[in-house]
Amino acid sequence: MANKWVYMFSEGDMTMRNLLGGKGANLAEMTGIGLPVPQGFTITTEACTQYYEDGRKINDEIMAQAMEGVKKMEEINGKKFGDLKNPLLVSVRSGARASMPGMMDTILNLGLNDEVVEAMIAGNDDPKFKRFVYDSYRRFIQMFSDVVMEVGKKYFEELIDKMKAEKGVQFDVDLTADDLKELARQFKAEYKAKIGEDFPSDPVVQLKLAIEAVFRSWDNPRANVYRRDNDIPYSWGTAVNVMPMVFGNLNNNSGTGVAFTRDPATGEKKLMGEFLVNAQGEDVVAGVRTPMPIAQMAEQFPEAYDEFVKVCDLLENHYHDMQDMEFTVENGKLYMLQCRNGKRTAPAALQIACDLVDEGMKTEEEAVLMIDPRNLDTLLHPQFDAKALKAANPIGKGLGASPGAACGKIVFTADDAEEWKARGEKVVLVRLETSPEDITGMKASEGILTVRGGMTSHAAVVARGMGTCCVSGCGDIAMDEANKKFTLGGKEFHEGDFISIDGSTGNIYDGVIATVPASISGNFGRVMAWADKYRKLKVRTNADTPADAKKARELGAEGIGLCRTEHMFFDPDRIGAFREMICSDTVEEREAALAKIEPMQQADFEALYEALEGCPVTIRFLDPPLHEFVPTEEEDIKTLAATQGKTVEEIKTIIDSLHEFNPMMGHRGCRLAVTYPEIAVMQTKAVIKAAINVKKNHPEWNVKPEIMIPLIGDVKELKFVKEAVVKTADEVIAAAGSDLEYEVGTMIEIPRAALTADDIAKEADFFCFGTNDLTQMTFGFSRDDAGKFLSAYYDTKIFENDPFAKLDQTGVGKLMEMAIKLGKPVNPKLHIGICGEHGGDPTSVEFCHKIGLDYVSCSPFRVPIARLAAAQAAIQDK
């Protein structure tokens, strides 16, 4: 049997998502449960992979099966492709396994040409019908030119705007049939001018080119960025769905809409959506006209509306989740064009998960699996300060499309947003409407404000996904993009002016409004309690200050996995003493300088132990190279020279001598303690004395310091430093008459440490993977410089992700697994964690669960993300 590349909707179901893509699988499922779906076919994701393997060509076998699909579609629908009497017109849409709203391409009304258009009109002399035919034709030429032949949309938009201006009308709907006929002619001329050949009139050629365009769009820049942000592998490919057109733009008894079975912003159980009379689906999503709420559809289309409400209940009960649906009404009859589990904000995700458990539709475990951990970020985002908000008057209002509060300087283009952000400015991107190529600028912005578009427009959907605040559809803005200014509420705003927007209410404010950190609702606590019930991994935090530690504890951290002691040295009160230590000539001088710092370090550690109330605290000894601490300002150098009784020149010579060609691999980490054991001795005294004091004040707490030696590459290094630590600690404990216990472990961040973990485990009480350094050393590139060339690596598909943001499971992961397998048998008590930035990345957390780590440690605000990701890993494991 040859490969099966094409499935009719009647041949699939929702379990075939990997092969048919999300859209295709759901169209097949809706067909199977008897919903009104125009019957077409899906070309599989495997055909997309094949297209790329064949050098971006569709092979004859795939094309032949597609034409076979067209034939069956003609039989079912009683119309023929390219026929003059009864033409079959189709839509060609993408549909990957994972929903990627707005990232790939769609073509509507395919199959039209001059002859078909003339023949359709000849059979029906209603002027409204003639208008509809030309409207469909000009849309097709425009979409085909833009999507398939990559002639920019803007050329066509300009022609439409020019025509509207000439005719003195405001909306596309007000153009007559003859105006649209003329537009179609202008569009074809534009096409020929840009491409150098006539617009293709053969429907079969149109179809082949359109299928290729959808496959090609899998690799467009915006899809690649979206995949990287959403962990969607390039290898998945996209499917193509071909289905008969139903026309929402046929007449005023037709229309098109997008709806959600629950509110995607709050999760409230009520039908939410938008409907446009006499329009095609792209009009709602692109936000070119501002639509009416779905409830008003009941007045104009009572029968279709009643049927739609029934369909909504049926689909939600069938999928046990909130559904996002696209539908069209043609001459009063309802057709379903798509359904999928709807994208939602984090508060809505929690509300829906809790409601579905209460409604008996989901178990706790299923509810935990429903929520995207990265989405929780937005719950922890700032809101406007209530007092400041009361005092402020909104100057305008749009739709609150994505929650949160944003304040920044106005920019008008995505490129400007990136540029301003790069120089440290906070910006709000203001656009007529966003389009998918704006995605990097949207990422760089604190918030997004658009003039056009509804709750389901590109800006709204993408902003919700990124957790960026967005207000869309503020039609009161008089926009002048060319001159980078707009008018709102009687005031003219220019690039660089401050503006504040509220993505929950849609309110827009002039100037700066103070924001406050987010507070968390009861649903959050409930879902997190479920997550904690099912997860096996512990979650700690990386924190250097009591304030960070306290915040992390509030967000559910069970200890500190990394306290970087060097951050404490940069305090103005201490840096002087530490510089004296660096510039000392003898051990005695160094010890005297360190003695000044010891009580301060001890106070730091006491405050941390107090904040953690007996939870484990891992303290990493001094890691950075010494040159990071020396003065650079002339004044500071003079002060240091005076303190040390040296000349300015002598101090400068010492500073120069500390300069290294490659400081990341230089004199740092345990190498400092090997050269200057007195540093480790001072830090040990501070850690142990602090622990003894806190234990004395709180005998009920289990205070057991974990001392972590960084950058070990050889067990003899660990042995050497550990001897100094143990000798000092035991003396301090004995002198205090205490029974304090402590542990000494190491970071595994040099590949050699992972390769010799069986030796190192004999000396270490615990391992902690420092995956920032381990990634850097395994790949052999510096994380501070990698940004310069990584984008070329993404473009050429060498990498799909930044290995510093998402753990490289194949290489770095193999070293981690090796270290665990070598270390545990030698020392069964060995506990193992991770404390790189990867500790808060959901896919990396899942990997840590799989290889058997005891805990992950991440920055305070990522703690809830790690808790949820750890629970999902454990549930999926079952």
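The values are calculated or read from the model by the stated rules, or taken from the named source; none is laboratory data. Nothing here was measured: the structure is a model prediction, and the numbers come from that model. Heads up, the Cβs are rebuilt from the backbone with ideal geometry, glycines too, and the neighbour counts pull from every protein chain shown. What goes into the accessible areas is simple: the full protein's heavy atoms, side chains included, and nothing from ligands, DNA or RNA. Shrake-Rupley method; radii C 1.70, N 1.55, O 1.52, S 1.80 Å.
Pairs from the list Lys550/Lys788; Lys153/Lys484; Lys387/Lys409 with a Cα-Cα gap above 29 Å: Lys550/Lys788.
The shape of the range 381-524 comes out rounded: with a ≥ b ≥ c from the C-alpha gyration tensor, a/c is under 1.5.
Remark: C-alpha extents of the range 190-295 on the principal axes read 50, 42, 25 Å, sorted largest to smallest. Ordered by 1.4 Å accessible area with all protein chains kept, Ser435, Ser235 run largest first as Ser235, Ser435.
Counting only DSSP beta bridges with both residues in the chain, the antiparallel share comes to about 60 percent.
Where only DSSP H runs of four or more residues are counted, the chain gives -14500 deg cm²/dmol as its mean residue ellipticity at 222 nm, each run worth -39500 (n - 2.57).
Oblate is the label for the range 36-108. Its Cα gyration tensor axes, ordered a ≥ b ≥ c, give a/c of at least 1.5 and b/c at or above a/b.
Surface calculation, 1.4 Å probe, protein heavy atoms: Arg216 sits at approximately 60 Å² accessible. Estimated from the Cβ-Cβ distance and a Förster radius of 22 angstrom, the FRET efficiency linking Glu115 and Lys71 is about 0.55. Reported to the nearest whole Å, the Cα centre-to-centre distance from the range 665-687 to the range 701-755 is 11. Between Ala592 and Glu700, the C-beta separation translates, for a Förster distance of 45 Å, into a calculated FRET efficiency of about 0.70. Quick check: from the Cα gyration tensor, does the range 686-787 come out rounded (a/c under 1.5), prolate or oblate? Because a/c hits 1.5 or more and a/b exceeds b/c, the range 686-787 counts as prolate. The accessible surface of the chain, taken with every protein chain in place and a 1.4 Å probe, is 50 percent carbon and sulfur. For Asp497, neighbours were defined as the other residues whose beta-carbon sits under 10 Å from its Cβ, and their charges (Lys and Arg +1, Asp and Glu -1) total 0. Say the dipole of the chain comes from +1 at the beta carbon of Lys and Arg and -1 at that of Asp and Glu; which of Phe578, Ile107, Ile619 then lies farthest toward its positive end? Farthest towards the positive end: Ile107. Placing unit charges on the Cβ atoms of the charged side chains and taking the dipole of the range 323-395 about its Cα centre, the candidate lying farthest along the positive direction among Leu350, Leu380, Asn393 is Asn393. Computed with a 1.4 Å probe over protein heavy atoms only, the accessible surface of the range 5-132 comes to 41 Å² per residue. In terms of the mean number of neighbouring beta-carbon atoms within 10 Å, the peptides 328-335, 249-256 order highest first as 249-256, 328-335. When the chain is described by a simple charge dipole with +1 on each Lys and Arg Cβ and -1 on each Asp and Glu Cβ, the residue from His849, Met30, Val687 located farthest towards its positive end is Met30.
Our summary gives the chain a relative contact order of 9 percent, counting only alpha carbon pairs under 8 angstrom and 6 or more residues apart.
Accessible area of Thr675 (1.4 Å probe, protein heavy atoms only, ligands and nucleic acids ignored): about 70 Å².
Across Thr515, Thr618, the residue with the most accessible area heads the list, and the full order at a 1.4 Å probe is Thr515, Thr618. Under the convention that each Lys and Arg Cβ holds +1 and each Asp and Glu Cβ holds -1, the size of the dipole of the range 667-779 around its Cα centre is about 300 debye.
Show which lysines lie in cross-link reach of Lys57 when reach means a straight Cα distance below 20 angstrom and same-chain residues fewer than eight apart are skipped. Qualifying lysines at Cα under 20 Å: Lys4, Lys208, Lys797. With a 1.4 Å probe rolled over the protein heavy atoms of all chains, the accessible area of Leu449, Leu822 falls in the order Leu822, Leu449, largest first. Computed across the range 591-673, the Kirkwood hydrodynamic radius from all distinct Cα-Cα pairs reaches 15.4 Å. Between the range 576-630 and the range 840-857, the alpha-carbon centres lie 31 Å apart. Think of each Lys and Arg Cβ as +1 and each Asp and Glu Cβ as -1; about the Cα centre, that makes the dipole of the range 477-584 roughly 860 debye. Hull volume per residue, based on the alpha-carbon atoms of the range 455-537 and their convex hull, is 164 Å³.
Computed from point charges on the beta carbon alone (+1 for Lys and Arg, -1 for Asp and Glu), the dipole magnitude for the chain about its Cα centre is near 1080 Debye. Determine the alpha carbon to alpha carbon distance for each of Lys23/Lys362; Lys71/Lys181; Lys71/Lys194 and list only those over 25 Å. Pairs exceeding the cut-off: Lys71/Lys181; Lys71/Lys194. Between Ala736 and Asp174, the C-beta separation translates, for a Förster distance of 51 Å, into a calculated FRET efficiency of about 0.05. Hydropathy first: keep DSSP H helices in the chain averaging at least -1.0 on Kyte-Doolittle, then drop any whose Cα extent along the axis falls short of 20 Å, and list what survives. Correct list, ordered by number: 60-77, 127-143, 177-195, 203-217, 302-319, 587-612, 677-697, 715-736, 812-826, 863-877. Taking all protein chains together and rolling a 1.4 Å probe, His838 ends up with roughly 0 Å² accessible.
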